[in-house]
Amino acid sequence: MAETKLIAVCDDEAAIADLVAQLLAQGGFEVRTFYAGADLLAAAAHEAFDLVVLDIMMPGMDGFACCRELRRTSSVPIIFLTAKDEEIDKVAGFELGADDYVVKPFKPRELLARVRARLRRSAPPAEGGRPLGSQLLEARGVAVDEEAYAATLHGEPLALTPKEFAILACLLRAAGRPVASRDLFEAVWGEEANAQSNNTVMVHIRHLRKKLAAIDSSQEFVETVWGVGYKLG
């Protein structure tokens, strides 16, 4: 029997937070509800959440600051739930390591579908063997073990978000061939590419490069092929 997933919902508007929590509970999830970013962070220090639904416009510590703090120690999937729908706000959220962005007012079924999709993509492989098509991918000191859900550079672990992990695996599978930004988006996000997908991929590539450079800054591992996409050089 599958383990019930634990989801944190944080929104300073109690009516919205409680509505989202009720929706997720009806969807079969265990939910913790918070009305301030600081309370969520305090709970995250001793509870292992499987996903976080996080409002941006909150007094005191806003969602961006809360996301930044969570990303210091955790790769938990984060979905921003907010009334801010400008592209610059979405890019800022992705820069901080968010995985998805749902705009208020939202459709309950859409939010539930996005939560389930993010959990599927971030879940480690099931026990009982290597999943179909998964493998140990290696090149230039970079290694991704899809079965163990682990990534390393020169043997040192890389603390990657689920999206960064999936992007790195895609680039390794390409074996040095460039992968179009559109193809990366559709493979990793599981959605049809749109006007914002290039920016979304670019933000995650930037984070991935920083994490690789933190271990080895002597070379650039993820190269941009102008007009084409990205490759692991």
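For the chain, what proportion of DSSP beta bridges, expressed in % and rounded to the nearest 5, is antiparallel?
50
Solvent-accessible area per residue for the chain at a 1.4 Å probe radius, Å²?
For the chain, the per-residue accessible area is 50 Å².
Okay, helix-only estimate at 222 nm for the chain: each DSSP H run of n ≥ 4 adds -39500 (n - 2.57), divide by all residues, round to 500 deg cm²/dmol; what do you get?
Value at 222 nm, helices only, nearest 500: -12500 deg cm²/dmol.
Which shape class applies to region 1-70: rounded if a/c is under 1.5, otherwise prolate when a/b exceeds b/c and oblate if not, where a ≥ b ≥ c are the square roots of the Cα gyration tensor eigenvalues?
Oblate, since a/c reaches 1.5 and b/c is not below a/b.
Using a Cα distance threshold of under 21 Å, what count of lysine pairs results for the chain when pairs must be 8 or more residues apart or interchain?
Close lysine pairs under the 21 Å cut-off: 12.
If r is the Cβ-Cβ distance from Arg116 to Asp216 and R0 is 35 Å, what FRET efficiency results, to the nearest 0.05?
0.45
What is the packing order of peptides 203-210, 92-99, taking the mean over residues of other C-beta atoms within 10 Å and listing the highest first? Walk me through the intermediate numbers first.
Working: 203-210: 18.2, 92-99: 21.6.
Peptide ranking by packing, descending: 92-99, 203-210.
Beta carbons within 10 angstrom, averaged per residue: use that to sort the peptides 138-145, 219-226, highest first.
138-145, 219-226
Tell me which label goes with the value of Rg/Rh (Cα atoms, Kirkwood Rh) computed from the coordinates here: (1) 0.96; (2) 0.93; (3) 0.99.
Correct label is (1).
The values are calculated or read from the model by the stated rules, or taken from the named source; none is laboratory data. All figures in this text were calculated on a predicted structure; none of them were measured in a lab. Positions of Cβ are generated from backbone atoms using ideal geometry, with glycine treated the same way; all protein chains shown enter the neighbour counts. These accessible areas exclude ligands, DNA and RNA; they are computed on the full protein's heavy atoms, side chains included. Shrake-Rupley method; radii C 1.70, N 1.55, O 1.52, S 1.80 Å.
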